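Report on the structure given below.
Read-outs: derived from the displayed coordinates by stated rules, not from any lab. Please read all numbers here as calculations on a predicted model, not as lab measurements. Here the Cβ positions follow ideal geometry from the backbone for every residue, glycine too, while neighbour counts run over all protein chains shown.
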């Protein structure tokens, strides 16, 4: 249990900093009205969709670094990290252009009100212009996690979070000589803080004081064989993320088609911050499972890898149940921190209840999937995401909301249904144990 908490705790804290920064943005733009709240919330969801392509490199690098660390192979760790950064830089530059070109169209396809489209477009243009900095940060953090270093990303994220909130306040409201940028200022603050954080991270790695080092005998020149290994592991995870977040975008479309779309979208934007808090805590246990399973396999200890996986699953699911229970009692108060509109509070409170009921089941899927990922077995999680989120979540939600007349509450119920299915499928696959025989 000790190594699991030693990894999961700083990862969870770092992830929660990201969530709290997102909440701070929602809070700061709250005085600008419901359109501003919805614009920031929906824009954050859209950025996650295109950003998942980064997973195609970082997930493969995570697994290779973890197994290289377990085998005490510093050259593999260094070469993999360098290659991952080069690949991510190239891919994110291309995605940046795609994101800028498609921002307005994406918001319009989601049936967002005109005010939300206008504000969201400005936010997304700035965000995607700075996408490479965020992608490189994410990738380097995953390499550090694979090497068993969860504290350095936490410290870096703490610095970036302080900078982000300070920049957001200054740029949103135009303090002093700065112009009033509103919603766009929140996006610019994200770019500036991530750029500063990445520069600091590179300096720390080059100091040779971390578990990941840039050895002189390894190169930044693209290596086809290593790139193929990373992509072979990572592409299924990237496609899984695309389907998962794509399902979330379609889900937002359904929310926008309910009886009171502005109220429903605003409630979703606020409640989604709570979902991110609990989800990122679940993801921290998945990260711990990936690191420990990968390192044990790299050291040739398949039984130890299995024990680490099962212990992570048990601790993660129980922790999320205990974490969610008290939050359920304060769901209305949580909504009230962001808005005084009684309709938004009422709708968002039910959404939070559904989130907290579903999350222990999601944690099982995430942590079991993390164990499989440490072995390089990333395809099953992709298949189960398609089944649970596209074949179950969206049809069930649509049927409950519009077929049976439960409106937005029917959409919230579908969260629990797909989480139960995805958790069971992933857990069953991990229990079969075939992943222990895989070779990277």
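Debye-formula intensities of segment 355-431, expressed as log10 I(q)/I(0) at q = 0.12, 0.21 Å⁻¹, are -0.35, -0.83 (one equal scatterer per alpha-carbon, no solvent). The Kirkwood hydrodynamic radius of segment 1-155, based on inverse pair distances between different Cα atoms, is 17.0 Å. Oblate is the label for segment 312-398, because a/c, from the alpha-carbon gyration tensor with a ≥ b ≥ c as root eigenvalues, is 1.5 or above and a/b does not exceed b/c. Here 413, 21 are placed in order of increasing Cβ neighbour count within 10 Å, fewest first, which gives 413, 21. Remark: spin-label model distance residue 333-residue 169 equals 2.4 nm, labels positioned 7 Å along the Cα→Cβ axis.
Extension gain, residue 383-residue 108: 0.36 nm per intervening residue step, less the Cα-Cα distance, totals 96.1 nm. Shown is the FRET efficiency for residue 125 and residue 221, computed with R0 = 25 Å from the Cβ-Cβ distance and rounded to the nearest 0.05: 0.15. For the pair residue 118 and residue 259, label points projected 7 Å from Cα toward Cβ lie 3.0 nm apart. Pairs of Cα atoms in the chain fall into 20 Å distance bins, from 0 up to the last occupied one, in shares of 27, 59, 14, 0 percent.
When both segment 1-35 and segment 165-239 are represented by their alpha-carbon centers, they are found 17 Å apart. Dimensions of segment 287-363 along the principal axes, based on C-alpha atoms and rounded to the nearest Å, stand at 58, 17, 14, largest first.
Against the main long axis of the alpha-carbon atoms of the chain, helix 151-173 sits at an angle near 30°.
Here the sum of -39500 (n - 2.57) over DSSP H runs of 4 or more residues, divided by the residues of the chain, equals -28000 deg cm²/dmol at 222 nm, to the nearest 500. Going by a ≥ b ≥ c, the root eigenvalues of the Cα gyration tensor, does segment 86-174 fall in the rounded group (a/c under 1.5), the prolate group (a/b larger than b/c) or the oblate group? Note, shape of segment 86-174 comes out oblate. Extension gain for residue 93-residue 2 works out to 28.8 nm (0.36 nm per residue, less the C-alpha to C-alpha distance).
Over all Cα atoms in segment 271-321, the spread is summed up by Rg and Dmax: 12.9, 44 Å.
The percentage of C-alpha pairs in segment 215-272 whose separation is greater than 16 Å is 64%. For residue 340 and residue 249, a Förster radius of 25 Å and the Cβ-Cβ distance give a FRET efficiency of 0.30, rounded to the nearest 0.05. With 0.36 nm allotted per residue and the present C-alpha distance subtracted, the residue 206-residue 407 stretch has 66.9 nm of extension available.
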